[in-house]
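To keep things clear, I will list the structure first and then write my remarks on it.
The values are calculated or read from the model by the stated rules, or taken from the named source; none is laboratory data. Just so it is clear, the structure is predicted and the values come from calculations on it, not from any experiment. Neighbour counts run over all protein chains shown; Cβ positions are idealised from the backbone, glycine included.
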Amino acid sequence: MASCTRDTLLERSLALPRSRIITPIRRATSSSNAATRDAMPSPLTDLPSEVLQVILSYLPPLSNIAFQQTCRHFADIANEPLLWKDYCQQTFKWWDTRHAFKLRLQNPSFTEWKDVFAMRHRTSRTTRSAVDKIVVTELGRLDSLKVILEAGYDAKHDLLDMYWNATSSPNCLAQRYWSHAALGCLHRLMAIEEWTAVKHRDSVGSYESALAAFDLFILEEQLEGDPGDIYARLDSYAASVRHAHPDINELSVRQKAVVIAEHLRDNQWIGIQGDRHYHSLDHMFLGVALFSKNRNSVPLISATIYCYVARQFGLRAAPCNFPFHVHALVQPPLGFDLDGNQLPESSEDASDEPHDNRPSENTHLYMDPFNNSEPVPLSKLEAQLKFITPTATPEQTVSYLSAVSARNLSNRAAHNILSSPSHDPGLPAHPINPNLATYAALFSLVILPSHPFNHPVQMRQHLAVLTQHFLEYFDLDIHLFETHVLPLAYALPDSRAYRDTISQLKDADHESRIPKYRSDERNAIVEYKVGQVFRHRRRGYLAVIYGWDHYCRMQEQWITMNQVDRLPHGRNQPFYNVLVEDESTRYVAQENVVLLSANEITEQHVNAFPIEIGKWFKRYDPDTGTFVSNVKAEYPEG
């Protein structure tokens, strides 16, 4: 309640103009007290305004608001735009693009920083209220989630704060899970919006943003690795090159290309070091390659990093569309060769298109930064193409040796991700959720198809697999599917099925589940309750009960496959929905439940459960040895 009061005070004060901040407060005082106050002015009033502003910069905004209400002179000082600019920078790390925050920071004429802070503060309160509502209300969660998504990237600050500080909440498990789930939805929405933008512009500068979108899917609660961080790290690579080679601008295009490749390879920022498997999943993501300890990456990622750095030194550099192994194509300014000599064919009026598209040793420098820092002869690549694609037409050969589009590069990245587990089933050195990685790849193939109009059958297949993955693992992405996937399905024969699926999920979010009462005589045989922890009698795994039925309600095929009728009590015994320590959910017969007492459950047992436990529970109660249910509507008596 105190926090709410402080937020309300701050919000009201932020909304007031300066002329209304000071509200006279009249109190009955003795004349002697008044005389004493008049004789002892505050030492703060004697300080220069600049000193007061420095002091205020160390105080939180709420203290600033309180300070403003002491006198009109202080109100003017406390409303200094640069002070509120500092508050904006210090209080919030992540900003939605609608604020144009970086541009405003660079604009000295912009002074409305208090208004910007007020808007950002309101978004913060809205986000927190939405998460709180999701935690305590079982119905309408998708509506609250949509409110969070509408806040855009502003919401990330509060979602991360609620996640990392969930232990201070009485609903710690639920708050941790739902802030995590909402953040995942937000990251994926940002990624899809970026791919949609890439689809419309598809320019050379889109490579990094298209690949960074994959990282948003797998980022989760990591504090580094979003698109802004990725660009900052790439810029730091360029700065490192410039620091090591201060005279680099004096070099030719050919020399620059080699120097940049050498620097990146010497620092082990590209390629694969050690004995790591080439196809390891963590080698497939740009952000992981930039922020993981090993910095490993496949040729596609290495070439993208190299090309970005090269462009910072005036080179026309782009990943090349070469089959199987992405190279980097470096070109000089139009009208010049790789050594800085003017081409005889060029002139101010001549079209550069024919010269620019046809590969030439003078104008096309091919680099393989993944393997080495030396240029790859054009003749060598042409010979390889004749072997790899013997039936290729001259136009196809030219396309293989030309800059790849951001769309096609994303497609290649998606296929690399999807094929990784079949080549290297082991765990990556940098932990990545494989379901999230697959989801990212499938979404990319749907949003950025390689041939959107020529291959409707392929689109239909990708969409079907994506929807299956969505329903199984990420059914909270309703808003994302509704706004970005359904429009793509309109032209397909089964578009109605997709619309019906979304409608059913939205309806279910507002439908109360039929409560199951233990007092019902049919449920008298149900021995265990929601929230109790047990070990499986035969398999030994640790699990917690989050639901139950008084008999097996699975389909006949599942009953047969799991040999339920061979159990001593068969299908006519209670079955329990349980969450297992390995993150799976299972359906367990009552006879296989071996309950653990409160004394047997250790902190290690409690922490063994995945974050998804917060979907059904508020917290763990060590006194009873049970998790406190958050599904009271369906199981009011546990």
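Cβ-Cβ contacts under 6 Å between residues 6 or more apart (or on different chains), taken from a first residue in the range 421-442 that is on the phi < 0 side of the Ramachandran plot to a second residue that is among the small types (Gly, Ala, Ser) and not in a loop (DSSP other than H, G, I, E, B), are listed as Ala441/Ala414.
All conditions in (1) at pLDDT 95 or above; (2) within 28 Å of Arg141 (Cα to Cα); (3) exposed (fewer than 13 other Cβ atoms within 10 Å of the Cβ) hold for Gly547, with the sole exception of (3). Counting only residues that are surrounded by fewer than 24 Cβ atoms within 10 Å (Cβ to Cβ) and either of a type in the set (Gly, Ala, Ser) or touching a His at 6+ places or on another chain (Cβ under 6 Å) (or both), the range 299-314 holds 1 of them.
Let's see how each residue does on (1) closer than 22 Å to Asp621 by Cβ; (2) not assigned by the TED database to the domain that holds Pro574:
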{"position": "Arg513", "(1), (2)": "no, yes"}
{"position": "Ile525", "(1), (2)": "no, no"}
{"position": "Tyr528", "(1), (2)": "yes, no"}
{"position": "Arg535", "(1), (2)": "yes, no"}
{"position": "Asp549", "(1), (2)": "no, no"}
{"position": "Cys552", "(1), (2)": "no, no"}
{"position": "Ile559", "(1), (2)": "no, no"}
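When Thr389 is tested against the conditions (1) in contact with a helix residue (DSSP H, G or I) (Cβ under 8 Å, 6 or more places away or on another chain); (2) loosely packed, with under 14 Cβ neighbours inside 10 Å; (3) not assigned by the TED database to the domain that holds Ser297, the lone failure is (3).
Can you tell me which residue within the range 422-444, out of those that are among the small types (Gly, Ala, Ser) and assigned to a loop (DSSP other than H, G, I, E, B), is modelled with the highest pLDDT? Before the answer, list the steps.
From the range 422-444, those among the small types (Gly, Ala, Ser) are 422, 426, 429, 437, 440-441, 444; that's our starting set.
Those left that are additionally assigned to a loop (DSSP other than H, G, I, E, B): 426, 429.
Working: Gly426: 79, Ala429: 84.
My answer is Ala429.
Could you tell me whether Phe110 is aromatic (Phe, Trp, Tyr) and surrounded by fewer than 16 Cβ atoms within 10 Å (Cβ to Cβ)?
Numbers: aromatic (Phe, Trp, Tyr): yes; surrounded by fewer than 16 Cβ atoms within 10 Å (Cβ to Cβ): yes.
For Phe110, the condition - aromatic (Phe, Trp, Tyr) and surrounded by fewer than 16 Cβ atoms within 10 Å (Cβ to Cβ) - is met.
Taking the criterion of being of a type outside the set (A, V, I, L, M, F, W, C), free of Cβ contacts under 8 Å to residues at least 40 places away in the same chain and either in contact with a His (Cβ under 7 Å, 6 or more places away or on another chain) or assigned to a loop (DSSP other than H, G, I, E, B) (or both), the residues of the range 583-623 that qualify are Glu583, Ser584, Ser597, Asn599, Glu600, Thr602, Pro610, Pro622, Asp623.
Going through the range 618-638 one residue at a time, which ones are of a type in the set (Ser, Thr, Tyr) and closer than 10 Å to Val530 by Cβ?
Taking the range 618-638 and keeping what is of a type in the set (Ser, Thr, Tyr), we get 620, 624, 626, 629, 635.
Within the range 618-638, Thr626, Ser629, Tyr635 meet the criteria.
The residue that is surrounded by the fewest Cβ atoms within 10 Å (Cβ to Cβ), counting only those in the range 154-209 that are touching a Ser or Thr at 6+ places or on another chain (Cβ under 8 Å), among the aliphatic types (A, V, I, L, M) and modelled with pLDDT of 95 or more, is Leu160.
Annotation: Asp500 fulfils all but one of (1) more than 30 Å from Glu193 (Cβ to Cβ); (2) loosely packed, with under 13 Cβ neighbours inside 10 Å; the unmet one is (1). When Arg535 is tested against (1) among the basic types (Lys, Arg); (2) surrounded by 16 or more Cβ atoms within 10 Å (Cβ to Cβ); (3) touching an Asp or Glu at 6+ places or on another chain (Cβ under 7 Å), only condition (3) is not met. Of the candidates Glu374, Glu348, Glu361, the single residue that is out of contact with any Phe, Trp or Tyr (no Cβ under 9 Å at 6 or more places or on another chain) and at pLDDT 90 or above is Glu374.
Here is a yes/no grid of residues against (1) closer than 30 Å to Thr602 by Cα; (2) within 35 Å of the chain's Cα centre (by Cα); (3) of a type outside the set (Val, Ile, Thr); (4) modelled with pLDDT of 95 or more:
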site	(1), (2), (3), (4)
Met459	no, yes, yes, no
Pro493	no, yes, yes, no
Glu511	no, yes, yes, no
Arg518	yes, no, yes, no
Glu521	no, no, yes, no
Tyr541	yes, yes, yes, yes
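What residue, among those in the range 172-215 that are of a type in the set (D, E, K, R) and in contact with a Phe, Trp or Tyr (Cβ under 8 Å, 6 or more places away or on another chain), is nearest to Met162 (Cα to Cα)? Among them, the one singled out is Arg176.
Please work out if Glu250 is of a type in the set (Asp, Glu) and farther than 27 Å from Val288 by Cβ. Considered against the rule, which asks whether it is of a type in the set (Asp, Glu) and farther than 27 Å from Val288 by Cβ, Glu250 comes out as yes.
If you go through the range 315-340 and keep only what is aromatic (Phe, Trp, Tyr), touching a Leu at 6+ places or on another chain (Cβ under 7 Å) and either in a strand (DSSP E or B) or surrounded by fewer than 20 Cβ atoms within 10 Å (Cβ to Cβ) (or both), you end up with just Phe336.
From the list Trp84, Trp95, the lone residue that is outside the structural domain of Arg188 (by the TED database), buried (at least 21 other Cβ atoms within 10 Å of the Cβ) and outside any helix (DSSP H, G or I) is Trp95. Only residues that are closer than 14 Å to His187 by Cα and not charged (D, E, K, R) were counted in the range 212-257, giving 12.
Let me confirm something: among Ala429, Ala441, which residue is surrounded by fewer than 21 Cβ atoms within 10 Å (Cβ to Cβ) and not assigned by the TED database to the domain that holds Glu194?
On the way: Ala441 fails: surrounded by fewer than 21 Cβ atoms within 10 Å (Cβ to Cβ).
Going through Ala429, Ala441 in turn, the sole match is Ala429.
Annotation note: of Ala181, Ala191, Ala197, Ala210, the sole residue that is in contact (Cβ under 8 Å) with a residue 24 or more places away in the chain, more than 12 Å from the chain's Cα centre (by Cα) and within 24 Å of Ile417 (Cβ to Cβ) is Ala210. Scanning the range 227-284 for residues that are part of a helix (DSSP H, G or I), farther than 30 Å from Asp96 by Cα and among the β-branched types (Val, Ile, Thr) yields Val241, Ile248, Val253, Val258, Val259, Ile260. For the condition within 21 Å of Asn435 (Cα to Cα) and of a type outside the set (Val, Ile, Thr), Leu234 does not qualify. Exactly one residue out of Asn607, Asn599 is over 24 Å from Trp178 (Cα atoms), exposed (fewer than 15 other Cβ atoms within 10 Å of the Cβ) and polar (S, T, N, Q), and it is Asn599.
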